[in-house]
Amino acid sequence: MITLVARPAPSRFWSWATPVLAVLATMLAGGGLFALLGSDPFEAIRVIFWDPLFGANAGYFRGQLFIKAGPLILIAAGLAVGFRAGIWNIGAEGQYIIGALCGAAVALAAFPAESALIFPAMVLAGAFGGWVWGMIPALLKNRFGASEILVSLMLVYVAQNLLAWAAFGPLKNPAGFGFPGSRNLQQYPSAHNAELIAGSGVHWGVVAGIAALIGTYVLMNRHIAGFRIQVAGDAPKAARFAGVAPARLVGFCLGLSGALAGLAGMFEVAGPSGQVTDSFNAGYGFTAIIVAFLGRLNPVGILLAGLLMALTYIGGDMAQLTLRLPAAAIQVFQGLLLFFLLGMDLLTNYTVQWGKARA
Amino acid sequence: MNRRSFMTTTAITAAALSLGLGRAAWAADPLKVAFMYVGPVGDMGWSFQHDQGRQAVEAAFGDKVITSYVENVPEGPDAERVLTQMALAGNQLIFATSFGYMDAVMNVAAKFPNVRFEHATGYKRADNVSTYDARFYEGRAVIGTIAGRMTKTNKIGYIGSFPIPEVVQGINSAFIHARKVNPAVEMKVVWAYTWFDPAKEADAAAALIAEGVDVLMQHTDSTAPQAKAQEAGIYTFGQASDMGAFAPAPRISSIIDNWGPYYVARVGAMLDGSWASNGSWEGIGAGAVGIGEISDAVPAEVKAEALALAAAIGAGTYHPFTGPLNKADGSAWLAAGQVADDGMLSGLNFFVEGITAQMPQ
């Protein structure tokens, strides 16, 4: 008989060991899956995890790692703050879209003027758009007690329809022969979020992601707001006695994570993506939730988790190309990662005992 | 050119040069050809048909070619990375099979001048970038004719994906030919704003059926509308692939994307060194658009009429957009006997007279 006994406090050792174990278990189970599909499991794991970092043309792929991880890290940094307080923003994808739309709209309104003020204005517009989209569930929660999980998720679909409308309507490229999609911001120097060092993959969005990690670290560890967030998450009832105003906390967490997601969308549309199209959002807002948990809601963890997720995407595409693995197998592989992580979380909060538990 | 883009160009040129030097040594090796798909190859629609084309290339050239593909690539930053991955992996001919890949193709093609790119349904070309598309409106004329004959309620439904020229051509062509054989026909249009989303497509089908439509056409790729039509006991047409599982009814025929002939021709051109950038737009005549088997639910004389129309279009003796035709607002478009040229069609953004549905703006 296996018995689980709750630990008095989460184990520090296991909270760091489980992500590593989860990655190893994923490699094992994923390798088995690839073997069943007729691929050499060792080669598949090598193609996914090793080749993008150290194989042929790794110079290019290391840069792509930052491009792919940048938005994930920026969004996850904001989400982690809310998650610690038990405030569940599931709609980062929508905030990302609205941020991108607002940022792109500023640039397209200014086109073709060239000015050093355009890019900063886009940054502000992107953050503002995401903030507004995050504040809607916050206000509804505070005013009517609506679940922020459902409201923020539903607003993703609203944002997607707004995106389609904008791509086919007001933001459509007037020089595009009636085809959907905006002008390409990569060809508009004042608005282009270019790589800061050519070939490095590091653009302003990556810098913002790192800054957000440092900022949230300081907030959580050196600031009274961080203490309140922690208390609200760990002991909601006690939090009131510690002077936490729940409504203000909800607004702060959803607003912050919304603004950072909006920023991520804006940096993406002005840089690697370039265009507002109806399918411009590639699911970063949802993947960032996985990144936040994989990183244990901790800044250093999120940095590593973001890079790891990016690696599985890039390596996954590579495995499709060179090993002919189907895309679905790669998605299952990524799903396994989250599955093992959440499963092994048990070890952080419980000890496993064989035989009858002693009270 | 600012400093950043100059530095980028320099770095990439160096990378491309080293790649170009590398390739000379592989001259005797098989030609590597890669395909990038927007959906899963199992979508049984758009991406599935492109993958059939890839398999036709393998069948035609055997071990002279090595093909590979990446599926489910979103139309955003990932497209550019995957195209670069393909070029770096030594592929010399790369097919990008969705409209939204256009700017990514142009960016990557500029960095790899020795790699040839083929972009489906786009309008930007370069020395190493071709575009190709199929004249789906030719097939729509044929199934429009069948639809006009088969409707009892005189209401034909059309599930549009996006209001872009290709889709507008199809709606107009289907309507013109349905009306030609049945002057009482009305066309109801619902925009699904998706290429592939079974739930949305089923909703669109249900809405049209509720309006009294008894023949349904679709420019979206899933079989969800077929299933809805089966429940309602009305007729449909397969889209992109044959959707033969729903024959003989509700699916009474289909319009099939057949990319194989073009892919085989282009890979052949690579092998004999005659590849040059072009803008290909083929139809029924070249086999790019196929009409799936017309089922027994359709009377023999209607079937004969539809096949005769397909033959005339294929032979080039009849063009589906032949005047006199007016725009929906009543203004003149084509004079009697005038044929729409490709420039008009590739920017088509209005309905023809008789369609009362609104074009979304």
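The values are calculated or read from the model by the stated rules, or taken from the named source; none is laboratory data. Keep in mind the model is a prediction, meaning the values are calculated, not measured. Note that each Cβ is placed from the backbone with ideal geometry, even for glycine, and that neighbours are counted across all protein chains shown.
Condition (residue is modelled with pLDDT under 95, among the basic types (Lys, Arg) and farther than 30 Å from residue A:253 by Cβ) applied to the range A:55-62: is it met by at least one residue? Checked against the condition, which is being modelled with pLDDT under 95, among the basic types (Lys, Arg) and farther than 30 Å from residue A:253 by Cβ, the range A:55-62 yields at least one hit. Residue A:305 meets the conditions (1) within 25 Å of residue A:82 (Cβ to Cβ); (2) in contact (Cβ under 8 Å) with a residue 12 or more places away in the chain; (3) within 14 Å of chain B (Cβ to nearest Cβ); (4) aliphatic (A, V, I, L, M) in every case but one. The failed one is (3). Among the residues of the range A:282-311, just one is among the polar types (S, T, N, Q) and out of contact with any Ser or Thr (no Cβ under 9 Å at 6 or more places or on another chain), namely A:287. Apart from one condition, residue B:94 fits all of (1) more than 14 Å from chain A (Cβ to nearest Cβ); (2) in contact with a Phe, Trp or Tyr (Cβ under 7 Å, 6 or more places away or on another chain); the exception is (1).
Across the range A:50-61, a minimum of one residue is classified as under 25 Å from the mean Cα position of the chain (by Cα) and among the acidic types (Asp, Glu). Scanning the range B:197-217 for residues that are in a helix (DSSP H, G or I) and in contact (Cβ under 8 Å) with a residue 40 or more places away in the chain yields B:201, B:204, B:205, B:208, B:209.
Within the range B:148-162, the set of residues being in a loop (DSSP other than H, G, I, E, B) and farther than 19 Å from residue B:302 by Cβ comprises B:161, B:162. Take residue A:90 and tell me if it is in the same structural domain as residue A:207 (by TED's automatic domain parsing) and under 17 Å from residue A:290 (Cβ atoms). When the stated conditions are applied, residue A:90 passes them. Of the residues contained in the range A:313-332, none is found to be facing chain B (nearest Cβ under 10 Å), under 30 Å from residue A:118 (Cα atoms) and modelled with pLDDT under 90. Per this entry, residue A:22 is counted among residues that are away from chain B (no Cβ under 14 Å), of a type outside the set (Val, Ile, Thr) and under 20 Å from the mean Cα position of the chain (by Cα).
If you go through the range A:165-183 and keep only what is among the small types (Gly, Ala, Ser) and either buried (at least 22 other Cβ atoms within 10 Å of the Cβ) or over 22 Å from residue B:105 (Cβ atoms) (or both), you end up with A:166, A:167, A:169, A:181, A:182.
Quick grid of which residues meet (1) within 13 Å of another protein chain (Cβ to nearest Cβ); (2) over 14 Å from residue A:137 (Cβ atoms); (3) surrounded by fewer than 24 Cβ atoms within 10 Å (Cβ to Cβ):
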| position | (1), (2), (3) |
| --- | --- |
| A:241 | no, yes, yes |
| A:244 | no, yes, yes |
| A:251 | no, no, yes |
| A:255 | no, no, yes |
| A:266 | no, yes, no |
| A:269 | yes, yes, no |
| A:275 | yes, yes, no |
| A:283 | yes, yes, yes |
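Among the residues in the range A:184-207, are any more than 14 Å from chain B (Cβ to nearest Cβ) and surrounded by 13 or more Cβ atoms within 10 Å (Cβ to Cβ)? Taking every residue of the range A:184-207 in turn, at least one turns out to be more than 14 Å from chain B (Cβ to nearest Cβ) and surrounded by 13 or more Cβ atoms within 10 Å (Cβ to Cβ).
Among residues of the range B:102-126 that are over 17 Å from residue A:182 (Cα atoms), those with a Cβ under 7 angstrom from a residue that is surrounded by fewer than 17 Cβ atoms within 10 Å (Cβ to Cβ) and basic (Lys, Arg), sequence gap 6+ or separate chain, pair up as B:114/B:23. Considering only residues in the range B:97-114 that are more than 14 Å from chain A (Cβ to nearest Cβ) and either over 18 Å from residue B:259 (Cβ atoms) or assigned to a strand (DSSP E or B) (or both), the one that is nearest to the chain's Cα centre (by Cα) turns out to be B:109.
The condition (being assigned by TED's automatic domain parsing to the domain that holds residue A:247 and more than 30 Å from residue B:192 (Cα to Cα)) is satisfied by just one residue among A:167, A:211: A:211. Looking only at the range B:70-79, residues that are more than 7 Å from chain A (Cβ to nearest Cβ) and not in a loop (DSSP other than H, G, I, E, B) come to 1 in all.
Looking only at the range A:154-163, decide whether some residue is surrounded by 24 or more Cβ atoms within 10 Å (Cβ to Cβ) and over 29 Å from residue A:246 (Cβ atoms). Looking through the range A:154-163, none of the residues is surrounded by 24 or more Cβ atoms within 10 Å (Cβ to Cβ) and over 29 Å from residue A:246 (Cβ atoms).
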